[in-house]
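Nothing in this text is a laboratory measurement; each read-out follows from the coordinates by a stated rule. Being a predicted model, the structure only gives us computed values, none of them experimental. With ideal geometry, Cβ positions are generated from the backbone for all residues, glycine too; neighbour counts draw on all protein chains shown.
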């Protein structure tokens with residue numbers, strides 16, 4: 001019998017989208033699961049799977065939903081789910097990307113609800129919970145201690161974070177919301193100690209690290225913030241997720257074959273191909289993060305390097321350059337890749353994909369030096385951090401303005417000013 005089977009009864013504090021419930025109950029179907037949350041999203045799902053649908057009323061930005069006259073519990077939950085998705089494009093500063101997606105969802109709302117119904121109807125079989133309590137998760141934790149039950153918790157990482165996530169639904173759907181205290185992550189250390197002293201099994205996930213308490217697991221995804229797992233048993237296992245790598249046939253660059261009239265081309269690539277190249281050519285010890293858009297740079301069909309981009313989460317009309325690299329350190333090829341990273345044709349290509357306009361490129365680089373020579377003259381350094389880690393002594397932040405020239409003009413600039421055999 002496994003450790004989890006021995007628990008018998010588990011209280012999940014902060015169920016969210018019920019991922020923990022789905023994984024645990026699929027693996028250990030004999031466990032009695034008692035879920036908890038304070039959000040409308042979680043409460044509506046729990047009410048549906050338990051056969052006790054809750055009441056809620058669409059209004060404000062979602063008032064148009066009432067025109068569909070959704071009456072059945074599965075229809076109303078599907079409408080709420082589509083409304084939650086619509087909220088992703090309703091907050092923050094408006095832009096063409098958000099506006100077009102929001103208008104599309106509103107215009108096709110009924111169709112999206114129909115497509116969501118099948119997923120909704122599968123929920124009772126996927127989340128066979130025993131009970132659900134819409135209340136402060138600390139009260140749920142205290143009941144678990146009183147009943148000698150196991151505790152799982154994945155509380156918010158920052159104060160008000162949970163409220164921000166469900167802000168759109170809270171503002172545009174009326175329901176009998178439970179009262180609760182806004183959780184401050186700084187209080188988590190005391191709660192972990194409370195659970196430890198109670199002697200019940202527990203598993204608590206957090207981004208908090210303490211000098212006097214060692215987590216059993218640390219999880220880092222790409223360059224994201226580390227997650228730590230505090231558990232009541234030292235025995236633990238984990239899965240390591242590795243980005244998929246796909247080797248492919250290519251002709252590496254030969255400096256002796258580059259001529260003044262050589263032709264530069266830029267083509268789309270998939271993430272697996274870029275992972276393969278980064279594993280082969282980039283500095284070891286750097287954590288590689290997959291991008292949303294990838295390009296391969298070639299000169300006369302010979303591979304020079306790659307460009308990897310993500311949407312910028314903070315700056316307006318900006319795209320984030322995750323990586324720009326050359327497969328050879330010779331000939332100052334990296335300078336060509338960096339110049340092309342700001343190329344107007346590429347930025348317009350990505351603008352069409354994301355229905356936005358990109359006028360600048362943000363990036364960060366690790367280096368053992370306070371400046372990165374390949375960015376000089378193309379990007380402007382905006383910040384320098386001393387980190388003295390395995391990736392380098394400095395983390396450098398740069399921004400580059402869009403360069404309105406053809407890729408061939410960029411090649412001619414590089415060939416005349418920087419190329420050396």
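When the helices of the chain are scored as -39500 (n - 2.57) per DSSP H run of n ≥ 4 and the total is divided over every residue, the value at 222 nm lands at -10000 deg cm²/dmol. Stretched out straight at 0.36 nm per residue, the stretch from residue 280 to residue 328 would grow longer than its current Cα-Cα span by 16.2 nm.
Taking every DSSP bridge with both residues inside the chain, close to 70 percent are antiparallel.
As I understand it, the value is the acute angle between the Cα axis of helix 188-198 and the longest principal axis of the Cα atoms of the chain; what does it come to in degrees, rounded to 10? It is inclined by approximately 40 degrees. Rounding to the nearest 10 and keeping the result within 0 to 90°, find how far the Cα-based axis of helix 73-87 lies from the longest principal axis of the chain. The two axes meet at around 40 degrees.
Using Cα pairs under 8 angstrom and six or more residues apart, how large is the relative contact order of the chain, in percent? Over the chain, the number comes to 12 percent.
Is the shape of segment 255-417 rounded, prolate or oblate, going by the alpha carbon gyration tensor and its root eigenvalues a ≥ b ≥ c, with a/c under 1.5 for rounded and a/b larger than b/c for prolate? Rounded is the answer for segment 255-417, as its axis ratio a/c remains below 1.5. With a Förster radius of 51 Å applied to the beta-carbon distance between residue 345 and residue 131, the computed FRET efficiency rounds to 0.30.
Between residue 207 and residue 249, what FRET efficiency comes out of the Förster formula 1/(1 + (r/R0)^6) with R0 = 41 Å and r the beta carbon distance, rounded to 0.05? That pair, residue 249 with residue 207, gives E of 0.45. Of the residues 264, 106, 280, the one with the fewest other Cβ atoms within 10 Å heads the list, and the complete ranking is 280, 106, 264. Ordered by the number of other Cβ atoms lying within 10 Å of each residue's own Cβ, fewest first, 168, 411 fall into the sequence 168, 411. Rounded if a/c is under 1.5, else prolate if a/b beats b/c, else oblate: with a ≥ b ≥ c from the C-alpha gyration tensor eigenvalues square-rooted, which is segment 19-100? Oblate. Taking springs between alpha-carbon atoms closer than 10 angstrom, which of 391, 181, 405 fluctuates most in the Gaussian network model of the chain? It is 181.
Under the criterion of Cα pairs below 8 Å and six or more residues apart, the relative contact order for segment 255-417 equals 20 percent.
Between segment 18-44 and segment 289-306, how many Å separate their Cα centres? When both Cα centres are located, 43 Å separates them. Just for segment 255-417, what percent of DSSP beta bridges are antiparallel, to the closest 5? Of all bridge pairs located within segment 255-417, approximately 85 percent are antiparallel. Once you reduce segment 393-421 and segment 99-170 to the center of their Cα atoms, the two points are 47 Å from each other. Axis angle, to the nearest 10 degrees, between helix 137-146 and the longest C-alpha principal axis of the chain: 50 degrees. Between the alpha-carbon centres of segment 45-92 and segment 312-368 there is a gap of 40 Å.
Which of 370, 407, 260 moves most in a GNM of the chain, Cα contacts under 10 Å? Comparing 370, 407, 260 in a Gaussian network model of the chain, the most mobile one is 260.
Once Rg and the Kirkwood radius are both taken over the C-alpha atoms of segment 3-231, their ratio Rg/Rh works out to 0.99.
Inter-label distance, residue 397 to residue 384: 1.5 nm, where each label sits 7 Å from its Cα along the C-beta direction.
Let me make sure I get this right: for segment 104-179, a, b and c are the square roots of the gyration tensor eigenvalues over alpha carbons, sorted descending. Under 1.5 in a/c it's rounded, otherwise prolate if a/b > b/c, else oblate. Which is it? Oblate, since a/c reaches 1.5 and b/c is not below a/b. Sorted fewest first by neighbouring Cβ atoms within 10 angstrom, 71, 353, 189, 249 come out as 249, 71, 353, 189. Beyond 28 Å, the tail of the calculated P(r) for the chain holds 61 percent of the Cα pairs. Of 193, 21, 32, the residue with the greatest mean-square motion in the GNM of the chain, using alpha carbon springs below 10 Å, is 193.
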